[in-house]
Amino acid sequence: MAGLHVFMSVATAGNFTRAAAALGLTPAAVSLAIGQLEGELNVKLFNRSTRGVSLTEAGQHYLQQTEPAYRQVMQARDALKEVRSEPGGLLRVTALPLARSLVITPVLAAFRARYPKVRLEIRYENELVDIAKDGFDAGIRLADRLQPGMIGVRIAPALTCALVASPGYLARHGMPASIAELERHACIRFRFSESGRLHKWLLHDGRRDVDLDPEGVYVTNDADAVIDAAREGVGIAFAFMRERVEPDLRDGTLVEVLPGACRTLPPMWLYYVNRKHVPAKLRAFIDVLRERAGTGEGLPCSDAPDGA
C-alpha cells in the first residue's frame, strides 16, 4: 500500500521532488519506493527525464486499474480520522421556520457547549431544497415533504395544531359550532413565500378530513404574525403548533375554537445525503437533536412513513 501511495503522489505531481514534499519524504526515498514497486510488478511505470517524469503506457494502465480502489481506501481513512477527531467546521442546514422554536433554538446552547469547534448556519425557508445542489449538509422538513433518496432522522413528534381566536372577537361574532361555519368568519391565513400558496386548514369533522380554504381577511407569510393578529381580535387563526399558543390559552388571551377539529401535522425529520460516512459535525448535530426528541435511528426517506 505504501508503494501505491507514493505512485499516486508521483503520478499526480509529475515530479519526484514535488511528490516528496507532499509526502514528507526525500526525493531519494520516493525514487527508491517507485523502483521497488516497479521491481515487484516487473514493469516500468515512469519515463524519467531532467524535466520530470511521465507515465509509461503500463503506468497509465496501472493508474486506471488502481485509482478507484485507492480513492475508496483514502476516503475510508479520512472518515476514520474524522470520527476519531473532535467535530469542527461549518455545518449548513436548511430548515422550516417551524423548526426554529420547536427543535433548533432549544438545543443551540447545549450543542455549542458540547461542540465548540462547529460553526452552525441555519437558513429558514418553507420550500423543499435540494441540499446537495445548494451546498447544505442537511435539511429539516415535515415527514411528508422529505427529499427522495435521502436518509431521514425523526427529530420531533407529530405537530398538534389549534384554531384560536381572542375572547373579544368571539364575543362580537360568536363561537363557530361547526367547520362549515368557519367560512362565515374572519379568517387569518398563512401564505408560503416561495410558492405563493395559501396554507389550507387541515381539519376533521368527526367523519372525514376537510382541507378548508377560507377567504382570508388578513394574509401573511409569518407564522408568528398570524398568532399576533388573532391576539388582537382580527379573526380566527390556524396555529401550526399548539405549544406556541398554550400560554395564551392558559391565561385567556386566546380561546380554542372547535377543540379537536385540527388534524396533526406530520413529524419533523432531518434529512441528509445517503452516504457511507456521515461527517462528524453532522453526526454531532443529529445526536443532540435525537437526544432531545428521544427518537430512534434514521431511515431512508423513501421508507419514512407519513405521520410516523
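What to note about this one:
- Sole residue being farther than 30 Å from ASP205 by Cβ, open to solvent by 10 Å² or more (accessible area, probe 1.4 Å) and at pLDDT 90 or above, chosen from ARG263, ARG292, ARG275, ARG283: ARG283
- All told, THR94 falls short of being of a type outside the set (A, V, I, L, M, F, W, C), surrounded by 13 or more Cβ atoms within 10 Å (Cβ to Cβ), in contact (Cβ under 8 Å) with a residue 12 or more places away in the chain and closer than 30 Å to PRO259 by Cβ.
- The strands (runs of 3 or more DSSP E) falling completely within the range 169-246 that include 2 or more residues that are of a type in the set (Ser, Thr, Tyr) map to 216-220.
- The range 34-73: number of residues that are surrounded by 13 or more Cβ atoms within 10 Å (Cβ to Cβ) and touching a Leu at 6+ places or on another chain (Cβ under 8 Å): 13
- Residues satisfying the stated conditions in the range 104-127, i.e. open to solvent by less than 70 Å² (accessible area, probe 1.4 Å) and either among the hydroxyl-bearing types (Ser, Thr, Tyr) or touching a Gly at 6+ places or on another chain (Cβ under 9 Å) (or both): TYR115, PRO116, VAL118
- Residues that are under 16 Å from VAL278 (Cβ atoms) and modelled with pLDDT of 90 or more within the range 138-152 comprise ALA138, GLY139, ILE140, listed in sequence order.
- Each residue in the range 18-27 was checked for being open to solvent by less than 70 Å² (accessible area, probe 1.4 Å) and assigned to a helix (DSSP H, G or I), and 4 of them qualify.
- GLU256 charged (D, E, K, R), open to solvent by 30 Å² or more (accessible area, probe 1.4 Å) and in a strand (DSSP E or B): yes
- For the range 191-210, a tally of residues being touching a residue at least 24 places away in the same chain (Cβ under 8 Å) and either out of contact with any Phe, Trp or Tyr (no Cβ under 7 Å at 6 or more places or on another chain) or among the acidic types (Asp, Glu) (or both) returns 11.
- All positions within the range 174-214 that are more than 25 Å from LEU96 (Cα to Cα) and either at pLDDT below 95 or open to solvent by 30 Å² or more (accessible area, probe 1.4 Å) (or both): MET175, ALA177, SER178, ALA180, GLU181, GLU183, ARG184, ASP205, GLY206, ARG207, ARG208
- Criterion applied to SER101, SER9, SER31 was being over 30 Å from ARG290 (Cβ atoms), open to solvent by less than 80 Å² (accessible area, probe 1.4 Å), within 37 Å of the chain's Cα centre (by Cα) and among the polar types (S, T, N, Q), and the one residue passing it is SER9.
- Just so you know, in the range 52-86 the residues that are assigned to a loop (DSSP other than H, G, I, E, B) and modelled with pLDDT under 90 include one that is nearest to ASN221 (Cα to Cα), and it is GLU86.
- For the range 226-253, a residue qualifies if it is open to solvent by 10 Å² or more (accessible area, probe 1.4 Å), among the hydrophobic types (A, V, I, L, M, F, W, C) and at pLDDT below 95, and exactly one does: PHE240.
The values are calculated or read from the model by the stated rules, or taken from the named source; none is laboratory data. Remember, predicted model here, so these are calculated numbers, not experimental data. Cβ atoms come from the backbone with ideal geometry, glycine included; neighbour counts cover every protein chain shown. Calculation scope for accessible area: heavy atoms of the full protein, side chains included, ligands and nucleic acids excluded. Shrake-Rupley method; radii C 1.70, N 1.55, O 1.52, S 1.80 Å.
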